[in-house]
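The next block holds one structure in the form of structure tokens; read it before the comments.
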Amino acid sequence: MKPILSLAIPAHNEEKHIARCVESIVNAARHSSQPVEVVVALNRCTDRTRHIAESLGARCIVEDARCIAAVRNAAVRATTAPAVATLDADSWMSPDTISEIIRRVYDAHYVGGGSMVKLERWSVGIAFSLLAIAPYLVRQRVSIGMFWFLRESFEAIGGFDETLVSVEDLDFAVRLKSYGQRRGQRYGTIWRNGITTSCRKCDQFGDWYIFRNPRLVKALFSGKDKRASDHFWYDARR
């Protein structure tokens, strides 16, 4: 049976998280009673990410560009279903997430959308760090974390912008929303039964790190500062 929905997952040395991510998709697919495909784009992986993902039924491809937007695009374009959702490897679905996606993604009222994101843990430092990035997010009035859309919409807006070295996800959401508005469609948000994400950046750098480094935040949200993006992603230990 052909998949009705594909999940596209970028992964850079994700052996600590990929099992929980893929298992959550398998569980949510079972709850939805719908055929779902999982594609993992391996990006410069030197650990057991491929072995773990494939053992759980995912199909893996390789994209070694040092550009997360290119990895996201490769993952999406390797999928086969007419509808796609993206999920980061350190995030996981609720049991009813796929049902919620399918209910919306094939509804012509929506161009696609994002999701409510819960954090796996909280602290005062994390709360203040979220406040530090909130102004950059709230002004755009889009939800991110996980995206869902029809393949034709993804291609119409050119996928994720590979000239950006960071915030390519926020940029994608803004362009998808704008594309929908021109077509009389809404950008939707899955408020209940969304996703949960790890706090690994806080675990790596400290809960207060983002709050205490406003210049880094500004650099990351510019989308063009490779030094800042490498520091926060590729050069950080996993």
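The table below lists the values:
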| quantity | calculated |
| --- | --- |
| The stretch 224-238, subset at pLDDT below 85 and outside any helix (DSSP H, G or I), residue nearest to the chain's Cα centre (by Cα) | 233 |
| Residue check, residue 108 surrounded by fewer than 18 Cβ atoms within 10 Å (Cβ to Cβ), out of contact with any helix residue (DSSP H, G or I) (no Cβ under 7 Å at 6 or more places or on another chain) and without any contact (Cβ under 8 Å) to a residue 12 or more places away in the chain | no |
| Hits in the stretch 44-60 (condition: surrounded by 15 or more Cβ atoms within 10 Å (Cβ to Cβ) and within 19 Å of the chain's Cα centre (by Cα)) | 45, 49, 50, 53, 58, 60 |
| Criterion violated by residue 184 - all others in (1) part of a loop (DSSP other than H, G, I, E, B); (2) at pLDDT below 95 satisfied | (2) |
| Count of residues meeting criterion [touching a residue at least 40 places away in the same chain (Cβ under 8 Å), in contact with a strand residue (DSSP E or B) (Cβ under 8 Å, 6 or more places away or on another chain) and within 30 Å of residue 182 (Cα to Cα)] in the stretch 111-149 | 14 |
| Failed item, numbered, when residue 175 is tested on (1) over 28 Å from residue 45 (Cβ atoms); (2) free of Cβ contacts under 8 Å to residues at least 12 places away in the same chain; (3) in a helix (DSSP H, G or I) | (2) |
| In the stretch 61-90, residue surrounded by the most Cβ atoms within 10 Å (Cβ to Cβ) [restricted to those that are more than 19 Å from residue 169 (Cβ to Cβ) and β-branched (Val, Ile, Thr)] | 61 |
| Single residue of 154, 160 found to be aromatic (Phe, Trp, Tyr) and touching an Asp or Glu at 6+ places or on another chain (Cβ under 8 Å) | 160 |
| Restricting the stretch 148-166 to residues that are in contact with a Phe, Trp or Tyr (Cβ under 7 Å, 6 or more places away or on another chain) and not in a loop (DSSP other than H, G, I, E, B), the residue that is farthest from residue 191 (Cα to Cα) | 156 |
| Any hit, the stretch 11-31, residues being more than 23 Å from residue 120 (Cβ to Cβ) and surrounded by 21 or more Cβ atoms within 10 Å (Cβ to Cβ) | no |
| Test for residue 138: is it surrounded by fewer than 19 Cβ atoms within 10 Å (Cβ to Cβ), out of contact with any His (no Cβ under 8 Å at 6 or more places or on another chain), of a type outside the set (Asp, Glu) and more than 19 Å from residue 200 (Cβ to Cβ) | yes |
| Residue within the stretch 210-228 that is acidic (Asp, Glu) and in contact (Cβ under 8 Å) with a residue 24 or more places away in the chain present | yes |
| Residue within the stretch 191-210 that is touching a Cys at 6+ places or on another chain (Cβ under 9 Å) and either crowded, with 19+ Cβ neighbours inside 10 Å or closer than 28 Å to residue 31 by Cα (or both) present | yes |
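Residues checked against (1) over 20 Å from residue 146 (Cβ atoms); (2) of a type in the set (Val, Ile, Thr); (3) in contact with an Asp or Glu (Cβ under 9 Å, 6 or more places away or on another chain):
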| position | (1), (2), (3) |
| --- | --- |
| 13 | yes, no, yes |
| 18 | no, yes, yes |
| 26 | no, yes, no |
| 34 | no, no, no |
| 46 | yes, yes, no |
| 51 | yes, no, yes |
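The values are calculated or read from the model by the stated rules, or taken from the named source; none is laboratory data. The structure presented is a predicted model; accordingly, all values stated were derived computationally and were not measured. All Cβ positions, even for glycine, are placed from backbone atoms using ideal geometry, and neighbour counts span all protein chains on display.
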